[in-house]
Amino acid sequence: MAVDLSPSMAACEKDAEALRFIEEMTSNVRSVQRRALMEILTRNGGTEYLKRFDLGEEDPLSAFKAKVPIVSYEDLQPEIQRIANGDRSPILSSHPISEFLTSSGTSAGERKLMPTIQEELDRRQLLYSLLMPVMNLYVPGLDKGKGLYFLFVKSETKTPGGLPARPVLTSYYKSDHFRTRPYDPYNVYTSPTEAILCPDSHQSMYVQMLCGLYMRHDVLRVGAVFASGLLRAIRFLQLNYEQLAQDIATGTLTDKIKDRAVRDSVAGLLRPDPELARFVTRECSSGDWEGIITRVWPNTRYLDVIVTGAMAQYIPTLEYYSGGKLPMACTMYASSECYFGLNLRPICKPSEVSYTIMPNMCFFEFLPHGDVERDGKMYSHDELVELADVEVGQEYELVITTYAGLYRYHVGDILLVTGFHNKAPQFKFVRRKNVLLSIDSDKTDESELQKAVDAASQVLRGAGATVVEYTSYADAKTIPGHYVVYFELMSSNAAISNNKVMMEECCIEMEEALNAVYRQGRVGEAIGPLEVRVVRGGTFEELMDYAISRGASINQYKVPRCVSFTPIMELLDSRVVSKHFSPRCPTFNPNERVTTTTTI
Ligand code: AMP
């Protein structure tokens, strides 16, 4: 269905301006993209990296396409490490690298460090400024109330060379762009900026929830960045409603909130409201949480959370908490490397979400996904396609060239072209390449899971047991969600699976072996304790029989390392002989990796 973005539909002149901009960008994709690439090549032609490819001056565009290779993070690690260590020469970018954004994608178990430059903040801000003008086309009257958004900063650190290293949203919330943003009636939040910026996530959440409760009738939209974040907020309400109600009844703030700026930020709001306190207690103590969002915030028009990609697993739970009544708006598609685009139909069903990539953000290329046949043999595609040339129905891997100095960088996302807005293609997010398990921003691939299982095997070896087979799934039904790993064991000692101490040791050793983003998520309570379910002998053979009965080839059958198909999970669960959880949090040190001064 075509989207009508004509400026005459806009809610105000500022919105009309934004819609005109979207129309202009999406109508001139090829020229905007060529201009972006030329700007990047012109300003960065003298960098050490680009000079290696001798692009010449006559036709830099063709030279770029012919000579610059597609790279992954690992290829750029030597350059990135030099910048992190303090080398200020123009290695990747002629503009100084202002900070590193710590991606939730990992390399060798640690967060990737994505270089960025000051002006990228303007580009991110520009994309943010387009979201409400689009939303206002579908949901009128959002200037008559507020948004309850649970937003947080995460810990940050400095590289040996003194550059900040932090997640992209932490960088944005701490920037002047966010902190000193001008008043905009369409973007009024219930959360004070001081609460969002509070590094202690408990204090931050407490005050954001308290403000949301006080202003419950003003709230027109409820959100978080990802669905997992919103579910954590609901869980927080379940666990803390008594204290919240007590504070509301007395008009005071618990002394557990120690942060001075946070305390000051709510001083003007606090007032005794016994009726509201009774309401909160009644709603939260009844044990009935179905539709809690619409009961506590009755004027909510939509949930503003990403439920595409790995977050789709949370849709049923969010539907439960919102009584199935609220649309879930996925407004944008972005990463630490670059912000990509927005959803021009934000009030559509989650399964229909497509993102329109904005051609001014960076230079986009696409590697067709899947194999091609040549001379009777199957090969991976190696020809990149420009943004203007992608084809509807085809899946692609995203490759970007940014203003900050990534050239033909393989992001790792697989996208499907679903249609066009003007000349701009629209993409469904299909999945992240090679990601097996994800609960929050963690992304665990097959080799990382294998490493974790190896760590468990070490523990079991002492007792003469081995893991014969394993598979896993991300359990999104618990809040927070957690990893479940099924083990089939071989042991002379039949009682091994009931050895609680040893099996718990397996769980924690697996967690210690998982990557830094996972461990940070565990420490920050965004991910629950890892669970091992031991299944009885022969279960994985039954799994194979089942797959073969459904048409799998007996020669090519491989044990799936992650399962989500209900009959398979039912089969596994019906064979479980014991369940064990990690008894404590794994270690996480925010300074991991970035403190190293060695050159990789
Ligand atoms: P990070 O590198 O931690 O900034 O994470 C960026 C990644 O998150 C992207 O490359 C995607 O894999 C995923 N992501 C971001 N936005 C969306 C979205 N709207 N839908 C699905 N996945 C997303």
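The values are calculated or read from the model by the stated rules, or taken from the named source; none is laboratory data. This one's a predicted model, so the numbers in the text were calculated from it and none came from an experiment. FYI the Cβ positions are ideal-geometry reconstructions off the backbone, even for glycines, and counts take in every protein chain you see. Each accessible area value is taken on the protein alone, full model and side chains, heavy atoms only, with ligands, DNA and RNA left out. Shrake-Rupley method; radii C 1.70, N 1.55, O 1.52, S 1.80 Å.
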TODO: Could you please find all residues in the stretch 1-20 being open to solvent by 50 Å² or more (accessible area, probe 1.4 Å) and not acidic (Asp, Glu)?
DONE: Met1, Ala2, Ser8, Met9, Ala11, Lys14, Arg20
Task: Residue satisfying all of: in the stretch 487-502; open to solvent by 70 Å² or more (accessible area, probe 1.4 Å) and of a type in the set (Gly, Ala, Ser); nearest to Pro583 (Cα to Cα) among these - done: Ala494
TODO: Keeping to the stretch 376-397, report how many residues are in a strand (DSSP E or B) and either over 24 Å from Val68 (Cα atoms) or open to solvent by 20 Å² or more (accessible area, probe 1.4 Å) (or both).
DONE: 6
Task: Residue count for the stretch 304-347, restricted to those that are touching an Asp or Glu at 6+ places or on another chain (Cβ under 7 Å), closer than 29 Å to Tyr483 by Cβ and either hydroxyl-bearing (Ser, Thr, Tyr) or more than 15 Å from the ligand (Cβ to nearest atom) (or both) - done: 2
Task: Residue among Ile414, Ile400 that is within 11 Å of the ligand (Cβ to nearest atom), among the hydrophobic types (A, V, I, L, M, F, W, C) and more than 18 Å from the chain's Cα centre (by Cα) - done: Ile400
Task: Listing of helices (runs of 4 or more DSSP H) fully contained in the stretch 34-130 that carry 3 or more residues being surrounded by 18 or more Cβ atoms within 10 Å (Cβ to Cβ) - done: 73-84
Open item on the list: Could you list, ordered by first residue, the pairs with Cβ atoms under 9 Å in which the first is in the stretch 390-407 and closer than 10 Å to Ser93 by Cα and the second is within 14 Å of the ligand (Cβ to nearest atom) and of a type in the set (Phe, Trp, Tyr), at least 6 apart or interchain?
Closed with: Thr402/Tyr409
TODO: Report whether or not Leu169 is within 16 Å of the ligand (Cβ to nearest atom), in contact with a Ser or Thr (Cβ under 7 Å, 6 or more places away or on another chain) and at pLDDT 95 or above.
DONE: no
Open item on the list: If the requirement is being touching a Phe, Trp or Tyr at 6+ places or on another chain (Cβ under 6 Å) and either open to solvent by 50 Å² or more (accessible area, probe 1.4 Å) or of a type in the set (Lys, Arg) (or both), which of these qualifies: Arg282, Arg278, Arg221, Arg232?
Closed with: Arg221
TODO: Could you please let me know if Thr294 is open to solvent by 10 Å² or more (accessible area, probe 1.4 Å), away from the ligand (no atom under 13 Å from the Cβ) and touching a Gly at 6+ places or on another chain (Cβ under 6 Å)?
DONE: yes
Open item on the list: Residue under question is Ala224, and the condition is that it be in a helix (DSSP H, G or I) and not basic (Lys, Arg); does it hold?
Closed with: no
Open item on the list: Kindly evaluate Thr471 against the criterion of being away from the ligand (no atom under 16 Å from the Cβ) and closer than 25 Å to Pro529 by Cα.
Closed with: yes
- [ ] Might you let me know whether the stretch 350-361 holds any residue that is surrounded by fewer than 22 Cβ atoms within 10 Å (Cβ to Cβ), in contact (Cβ under 8 Å) with a residue 12 or more places away in the chain and within 11 Å of the ligand (Cβ to nearest atom)?
- [x] yes
TODO: Enumerate the pairs (first residue in the stretch 424-448 and touching a residue at least 24 places away in the same chain (Cβ under 8 Å); second residue anywhere and acidic (Asp, Glu)) with beta-carbon separation below 7 Å, excluding pairs fewer than 6 apart on the same chain, so at least 6 apart or on different chains.
DONE: Phe429/Asp413; Val430/Glu395; Arg432/Asp413; Lys433/Glu397; Val435/Asp445; Leu436/Asp445; Leu436/Glu446
- [ ] Would you please name the residue that is nearest to the chain's Cα centre (by Cα), looking only at residues in the stretch 147-179 that are among the polar types (S, T, N, Q) and either assigned to a helix (DSSP H, G or I) or within 20 Å of Val207 (Cα to Cα) (or both)?
- [x] Thr170
Open item on the list: With among the acidic types (Asp, Glu) and under 17 Å from Ile293 (Cβ atoms) as the only criterion, which of Asp247, Asp218, Asp264 stands out?
Closed with: Asp218
Task: In the stretch 422-450, the residues that are of a type in the set (S, T, N, Q), within 30 Å of Thr26 (Cβ to Cβ) and within 10 Å of the ligand (Cβ to nearest atom) - done: Ser441
